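So the structure is just underneath, and the comments pick up after that.
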Amino acid sequence: MEEKKNISGLQPPEGYFENFEDRMMLKVMEDSLPKSNGFKVPEDYFGQFEGRMIDAISETDAPKVVSLFRKQAFWYAAAIAASLALIVSLYNGFGSELSIEDLSASAVEEYIDEGGMGIDSYDVIALLEEEDINELTIPSDEISEESLENYLIENIDETSLLIE
Amino acid sequence: MAQEQALVSALKSDMNKEEAFRNLVSQYKERLYWHIRNMVLNHDDADDVLQNTFIKVFRNIDSFKGDSKLYTWMYRIATNEAITFMNKRAKRNNITLEEVKERAIENLESDVYFEGGAIEINLQRAIATLPEKQQLVFNMKYFEDHTYEELSEILETSVGGLKSSYHIAVKKITAYLKSNETF
């Protein structure tokens with residue numbers, strides 16, 4: 001077939017006919033896809049969003065209230081001691097010679113974790129002085145790679161690392 | 001560009017910071033919302049991730065050096081926040097990222113903020129079969145209407161690579177939909 005000559009003097013952009021078939025096929029495929037993803041938002045969601053965002057920023061920027069009244073610590077400590085004594089008694093029966101040392105650390109940890117003391121790990125940490133925290137040592141072989149990975153995924157903010 | 005610089009300067013200054021932030025949210029909320037929603041699918045999840053994104057932007061604006069455009073930087077934060085959100089959900093429920101996505105698709109049928117039918121649900125299933133980066137490229141090109149040049153800046157990938165990635169994605173999605181007879 002004889003190649004048609006461009007007699008009008010009009011020029012398509014350079015490379016226009018290269019891969020034209022591929023681009024055409026892509027267009028045909030795109031045309032056959034649903035045009036919408038079907039998502040919608042609650043009424044006036046975007047209209048109210050700025051206001052909600054300003055409130056959120058104000059809340060997160062508010063300084064945290066740190067209680068100067070440390071007397072609470074005494075009651076926490078007393079509660080922990082009393083509860084542990086109770087746990088030991090209940091686990092081993094009254095009159096037994098077993099002491100608090102016989103209670104496994106994991107049992108105590110689980111009890112506290114499950115809210116048995118009515119306090120959380122942050123309250124416990126608050127009871128420790130800075131030197132106590134610095135003195136805490138955990139043998140590295142007691143932390144499995146999986147636990148470490150789980151901890152990092154749950155607690156490390158990847159976006160902040162990315163920004164930094 | 002000058003407008004963007006003025007906005008960044010206002011965000012970094014102590015005066016007018018709140019007003020500048022309001023401006024920023026107003027300019028980008030919809031674009032970033034749809035970007036996030038295409039990734040997490042559910043409205044409430046998208047709302048959470050969008051708020052986290054803007055909080056991160058607000059808190060970290062001082063570390064924005066202007067090496068990239070502001071919107072590029074924000075899209076990267078939004079993308080990362082959405083991925084982190086889904087990873088955390090996977091870990092919490094002891095399931096894979098793919099299963100998180102599958103569950104989100106299954107929930108679409110009863111979602112009050114989803115007005116699509118079987119075809120749109122199948123489209124989401126088709127998208128979910130793609131590798132993560134191809135899903136991003138497809139959603140950002142097909143639904144969010146970004147140019148390849150914008151995508152190249154946000155995803156730090158060459159225009160050529162993106163074109164081929166998008167072409168492959170469309171081909172796979174079309175094949176999936178054909179074999180699942182939703183046309």
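The values are calculated or read from the model by the stated rules, or taken from the named source; none is laboratory data. Just so it is clear, the model here is predicted, and its values are computed rather than measured. Note that we place each Cβ from the backbone using ideal geometry, even for glycine, and neighbour counts take in every protein chain shown. Heads up: the accessible areas ignore ligands, DNA and RNA and are worked out on the full protein's heavy atoms, side chains in. Shrake-Rupley method; radii C 1.70, N 1.55, O 1.52, S 1.80 Å.
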Next on the checklist: With the structure loaded, tell me whether B:LYS12 is within 11 Å of chain A (Cβ to nearest Cβ) and over 23 Å from the mean Cα position of the chain (by Cα) or whether it fails that test.
Outcome noted: no
Checklist entry - Could you list, in sequence order, the residues of the range A:29-59 that are more than 7 Å from chain B (Cβ to nearest Cβ) and either closer than 12 Å to B:GLN51 by Cβ or part of a helix (DSSP H, G or I) (or both)? => result A:ASP31, A:TYR45, A:GLY47, A:GLN48, A:GLY51, A:ARG52, A:ASP55, A:SER58, A:GLU59
Checklist outcome for this item: Over the range B:127-163, the set of residues in contact with a Phe, Trp or Tyr (Cβ under 7 Å, 6 or more places away or on another chain) and either farther than 20 Å from B:ILE83 by Cβ or away from every other protein chain (no Cβ under 14 Å) (or both) is B:THR129, B:VAL159, B:LYS163
Next on the checklist: When you scan the range B:49-70, do you find a residue that is at positive phi, more than 20 Å from the chain's Cα centre (by Cα) and more than 12 Å from chain A (Cβ to nearest Cβ), even just one?
Outcome noted: yes
Checklist entry - What are the residues in the range B:148-172 that are under 21 Å from A:VAL28 (Cβ atoms) and under 19 Å from the mean Cα position of the chain (by Cα), if any? => result B:TYR148, B:LEU162, B:LYS163, B:SER165, B:TYR166, B:ALA169, B:VAL170
Checklist entry - Mind checking whether some residue in the range B:63-71 is open to solvent by less than 70 Å² (accessible area, probe 1.4 Å), among the aromatic types (Phe, Trp, Tyr) and at pLDDT 95 or above? => result no
Checklist outcome for this item: Picking from B:HIS35, B:HIS43, the residue that is more than 10 Å from chain A (Cβ to nearest Cβ) and either closer than 25 Å to B:MET86 by Cα or open to solvent by less than 20 Å² (accessible area, probe 1.4 Å) (or both) would be B:HIS35
Checklist entry - Is there a residue being more than 30 Å from B:SER164 (Cβ to Cβ), among the β-branched types (Val, Ile, Thr), surrounded by 10 or more Cβ atoms within 10 Å (Cβ to Cβ) and modelled with pLDDT under 75 anywhere in the range A:82-92? => result yes
Checklist entry - Residues of the range B:90-122 being of a type in the set (A, V, I, L, M) and either in a loop (DSSP other than H, G, I, E, B) or open to solvent by less than 50 Å² (accessible area, probe 1.4 Å) (or both), which ones? => result B:ALA90, B:ILE95, B:LEU97, B:VAL100, B:ALA104, B:ILE105, B:LEU108, B:VAL112, B:ILE121
Checklist entry - Of the residues in the range B:92-114, how many are over 20 Å from the mean Cα position of the chain (by Cα) and within 11 Å of another protein chain (Cβ to nearest Cβ)? => result 4
